[in-house]
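Written below as structure tokens is the structure these notes are about.
The values are calculated or read from the model by the stated rules, or taken from the named source; none is laboratory data. Remember, it's a predicted structure, so these values are computed and weren't measured experimentally. All Cβ positions, even for glycine, are placed from backbone atoms using ideal geometry, and neighbour counts span all protein chains on display. Just the protein is used for accessible areas: all its heavy atoms, side chains included, with ligands, DNA and RNA removed. Shrake-Rupley method; radii C 1.70, N 1.55, O 1.52, S 1.80 Å.
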Amino acid sequence: MELQAPEQELLDKLRASNIRIPPRPQILQDIDNMLKDDDSTERMIGQLISRDVGLTAEVFKLANSPFYRRGAKIDNVEQAVRMLGRKTMGDVARSALLRQQLGGASAKMESFWERCTDVGTICSVLCDQLERPGKLSADQAYLIGLFHDCGVPVLMQHIKGYGDAQFDIPMAPDFLAEDDERGTSHCIAGLMVATEWELPDILCEAIRSHHYVISEDQAAPHSIALLQLALHAYTRVRGWLDTEWDYQAERVLQTLDIAPDQLDAVLDQALASFEVLH
């Protein structure tokens, strides 16, 4: 991935400041290896995950979330593996470990993750509704929404007071304004996390570019457009002003092949499905 000059400057500045990017833990590599091993069983995979108490708690939280849960509550990891399937279990384990590493105990972080989870759910609903734009899967769309702002908690730990003002106002958080004030970038910090954790390219690109207007030669345009549409839908749910939509809308609608006069109907349908899941 080739960065633009201003992005590279911000990346170099973050590296020079010795920012801590949570490392990809060995247990994730062990889980990936076991999931790829045809001779491994659901019980073996469950036992490996259960060795990490924090990971197990996060797996249960995600597996029982409205997006993943199917039917009765999941109360053991082997059951989660069987219900979700190996590929999805790998995504859940990666998501659980990343969220665990990024933190989430404080009330502010709980609020942050609640918003990201809602955006992820809306992304997945829109992905199905729009018949998988760019061949995205609903699982991929969910992860794009869940981790689009993963650079924020990294900067909160690195820069004293970062983000405080955004959690204290009843409106959409403006992390871009926070970045400008402090001379940093939550998008580039998030890209550092995504690269360290070997997240898929479409997710890396969405993290990096979700505030940009989609260009003609944009990599992974459908993932970015879907995320921007989901963020716009979320502001409608909360009754917030969306200050970015006016300049993003045209390219989002073009990329997703939505006529302007269809937008309200698309959002109404998606948000109705979101309310059912929520």
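Worth a mention:
- Figure legend. Inter-residue proximity from region 262-278: first residues under 14 Å from Thr235 (Cα atoms), second residues open to solvent by 90 Å² or more (accessible area, probe 1.4 Å) and charged (D, E, K, R), beta-carbon distance below 9 Å, spacing 6+ or different chains. Indicated pairs: Leu267/Arg236; Leu271/Arg236.
- Within region 151-201, the set of residues being open to solvent by 30 Å² or more (accessible area, probe 1.4 Å) and of a type in the set (D, E, K, R) comprises Lys160, Asp164, Asp168, Asp174, Asp180, Glu181, Arg182, Glu196, Glu198, Asp201.
- Ile27 being within 15 Å of Gln101 (Cα to Cα), aliphatic (A, V, I, L, M) and surrounded by 18 or more Cβ atoms within 10 Å (Cβ to Cβ): no
- Considering region 202-229, and only residues there that are under 15 Å from the mean Cα position of the chain (by Cα) and of a type in the set (Ser, Thr, Tyr), the residue that is surrounded by the fewest Cβ atoms within 10 Å (Cβ to Cβ) turns out to be Ser209.
- Considering only residues in region 230-245 that are in contact (Cβ under 8 Å) with a residue 40 or more places away in the chain and among the small types (Gly, Ala, Ser), the one that is surrounded by the most Cβ atoms within 10 Å (Cβ to Cβ) turns out to be Ala230.
- Some residue of region 42-50 being outside any loop (DSSP other than H, G, I, E, B), closer than 30 Å to Lys160 by Cα, out of contact with any strand residue (DSSP E or B) (no Cβ under 9 Å at 6 or more places or on another chain) and not small (Gly, Ala, Ser): no
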